[in-house]
Amino acid sequence: MHTADQNFLGLEPRFSDYKTAKTVILPAPFEASTSYQEGTKLGPKAILEASQQVELYDIELARDCHTQGIHTLETFDFSKTDAPTACKMLYEKTKKVLEDGKFPIMLGGEHTISYGMFEALFEKYPNLSIFHIDAHTDMREAYEGNPYSHASVLYLMRKSCKKTVSIGIRSMCEEERLYVNENKVPVYYDFQTQKTGFNPKDLLKHLTQDVYVTIDVDGLSPTLVPSTGTPEPGGLGYYETLDILREIFKNKNVVGCDFVELMPIPGLVHGDFAVAKLIYKCIGYKYYL
Ligand SMILES: [Mn+2]
């Protein structure tokens, strides 16, 4: 049985039962290749705890957004698992959630784990596209010899799915820049979008109808989410992020989401809370726009 703080938003059983819930949360605390600081494996727990404090009434949408049900699955045990195995475990579980007709939201963990989620979504939706928020392109062919690295996850996905668009990007290596240029990968560089302003509608042209949203929380401003393994100055603000997500949820069929790379800092909870609130906003946008 779950304790209350392992259930997203701490919902009572009639709103959190698996059978009736339209949304399913998958806590996936995988961590192996984090390069700067460790602790992303504590991300899902911190998000679930912070979510207990999120108000169920949404002012913008003028309603409660949890009433179609949100079930939180048991947290994966990845303690003795390598990246390919962890991704396979997440793939199997996501596949089941999709077969049951539910909307999956995964909590990482390092970004590598998103590959398991992607595989299940891409199998069900062959015309899938990927909307990616991140400070980093994650398009290295391998990082320290490891193709299953948090710094390579987009490269890995793009081997099978070329329709991706990235925003918030403010750190990359030369190899990635060449890859982006040669393959004409749509990348919105943070230094440009912050300077010239940016219309979220512009993103839509890069996306197909079925969209997977993968959010490395370091894509957001560190003033909003300071708790990440690789904090980068700059980044997306809260309302800017909502404007983008609203546009995508309104115009596309978002078939799955993830929020990865939160590295909680004891005593500094506003980043955990911001991520929990963003997830709830996405659920509201999914069903009530
Ligand atoms: Mn990143």
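The values are calculated or read from the model by the stated rules, or taken from the named source; none is laboratory data. Here the structure is a predicted model, which is why all the values come from computation and not from measurement. Ideal geometry is used to build each Cβ from the backbone, glycine not excepted, and the neighbour counts take in all protein chains shown. Note: accessible area is taken over every heavy atom of the protein model, side chains too, but ligands, DNA and RNA are not part of it. Shrake-Rupley method; radii C 1.70, N 1.55, O 1.52, S 1.80 Å.
Within the range 41-79, the residues that satisfy the criterion of being in contact (Cβ under 8 Å) with a residue 60 or more places away in the chain, within 19 Å of Thr20 (Cβ to Cβ) and charged (D, E, K, R) are Arg63, Glu74. List pairs: first residue in the range 95-112 and more than 14 Å from Leu73 (Cα to Cα), second residue polar (S, T, N, Q) and outside any helix (DSSP H, G or I) anywhere in the structure, Cβ distance under 8 angstrom, at least six positions apart or on different chains. Going by the 8 Å Cβ cut-off, the qualifying pairs are Glu110/Ser33; Glu110/Thr34; His111/Thr214; Thr112/Ser33; Thr112/Ser149; Thr112/Ser152.
Looking only at the range 116-124, decide whether some residue is open to solvent by 10 Å² or more (accessible area, probe 1.4 Å) and either more than 18 Å from Glu92 (Cα to Cα) or within 16 Å of the ligand (Cβ to nearest atom) (or both).
Looking only at the range 116-124, we keep the residues that are open to solvent by 10 Å² or more (accessible area, probe 1.4 Å), and these are 119, 122-124.
After this cut, where a residue has to be either more than 18 Å from Glu92 (Cα to Cα) or within 16 Å of the ligand (Cβ to nearest atom) (or both) as well, the list is none.
Among the residues of the range 116-124, not one is open to solvent by 10 Å² or more (accessible area, probe 1.4 Å) and either more than 18 Å from Glu92 (Cα to Cα) or within 16 Å of the ligand (Cβ to nearest atom) (or both), which makes the answer no.
Scanning the range 97-115 for residues that are part of a loop (DSSP other than H, G, I, E, B) and within 16 Å of the ligand (Cβ to nearest atom) returns Gly109, Glu110. Of the numbered criteria (1) basic (Lys, Arg); (2) under 18 Å from the mean Cα position of the chain (by Cα); (3) open to solvent by 50 Å² or more (accessible area, probe 1.4 Å), the one Lys102 fails is (3).
Among the residues of the range 125-137, what is the count of those that are within 11 Å of the ligand (Cβ to nearest atom), of a type outside the set (A, V, I, L, M, F, W, C) and open to solvent by less than 10 Å² (accessible area, probe 1.4 Å)? Full working, then the answer.
Here is the first cut: in the range 125-137, the ones within 11 Å of the ligand (Cβ to nearest atom) are 132-137.
If we keep only those that are of a type outside the set (A, V, I, L, M, F, W, C) as well, we get 132, 134, 136-137.
Adding the requirement that they be open to solvent by less than 10 Å² (accessible area, probe 1.4 Å) leaves 132, 134, 137.
Total satisfying the criteria: 3.
The one condition from (1) under 15 Å from Asp216 (Cα atoms); (2) assigned to a strand (DSSP E or B) that Pro44 does not meet is (2).
Close contacts from the range 123-142, counting a first residue that is closer than 16 Å to Ile215 by Cβ and a second that is charged (D, E, K, R) and within 16 Å of the ligand (Cβ to nearest atom), with Cβ to Cβ under 6 Å and a gap of 6+ residues or different chains, come to Asp134/Asp216; Ala135/Arg170; Ala135/Asp218; Ala135/Glu232; Thr137/Glu176. Residues of the range 152-163 that are within 12 Å of the ligand (Cβ to nearest atom) and either open to solvent by 10 Å² or more (accessible area, probe 1.4 Å) or of a type in the set (Val, Ile, Thr) (or both): Val153 alone. Val254 falls short on exactly one of the conditions (1) farther than 24 Å from Thr72 by Cα; (2) more than 16 Å from the ligand (Cβ to nearest atom); (3) within 16 Å of the chain's Cα centre (by Cα), and that condition is (1). Does at least one position in the range 123-134 carry a residue that is within 28 Å of Leu224 (Cβ to Cβ), of a type in the set (Ser, Thr, Tyr) and more than 15 Å from the chain's Cα centre (by Cα)? No, the range 123-134 has no match at all.
There is at least one residue in the range 188-205 that is closer than 17 Å to Gly168 by Cα, away from the ligand (no atom under 16 Å from the Cβ) and β-branched (Val, Ile, Thr). Does Gly168 count as on the phi > 0 side of the Ramachandran plot and either over 19 Å from the mean Cα position of the chain (by Cα) or crowded, with 18+ Cβ neighbours inside 10 Å (or both)? Yes, satisfied. When Lys19 is tested against (1) closer than 21 Å to Gly256 by Cα; (2) surrounded by fewer than 15 Cβ atoms within 10 Å (Cβ to Cβ); (3) touching a residue at least 40 places away in the same chain (Cβ under 8 Å), exactly one condition is not met: (3).
Considering each of Leu56, Leu26, Leu107, Leu48 in turn, give the residue that is surrounded by fewer than 18 Cβ atoms within 10 Å (Cβ to Cβ) and either at pLDDT 95 or above or in contact with a Phe, Trp or Tyr (Cβ under 7 Å, 6 or more places away or on another chain) (or both).
On the way: Leu26 fails: surrounded by fewer than 18 Cβ atoms within 10 Å (Cβ to Cβ); Leu107 fails: surrounded by fewer than 18 Cβ atoms within 10 Å (Cβ to Cβ); Leu48 fails: surrounded by fewer than 18 Cβ atoms within 10 Å (Cβ to Cβ).
Sole residue among the options that is surrounded by fewer than 18 Cβ atoms within 10 Å (Cβ to Cβ) and either at pLDDT 95 or above or in contact with a Phe, Trp or Tyr (Cβ under 7 Å, 6 or more places away or on another chain) (or both): Leu56.
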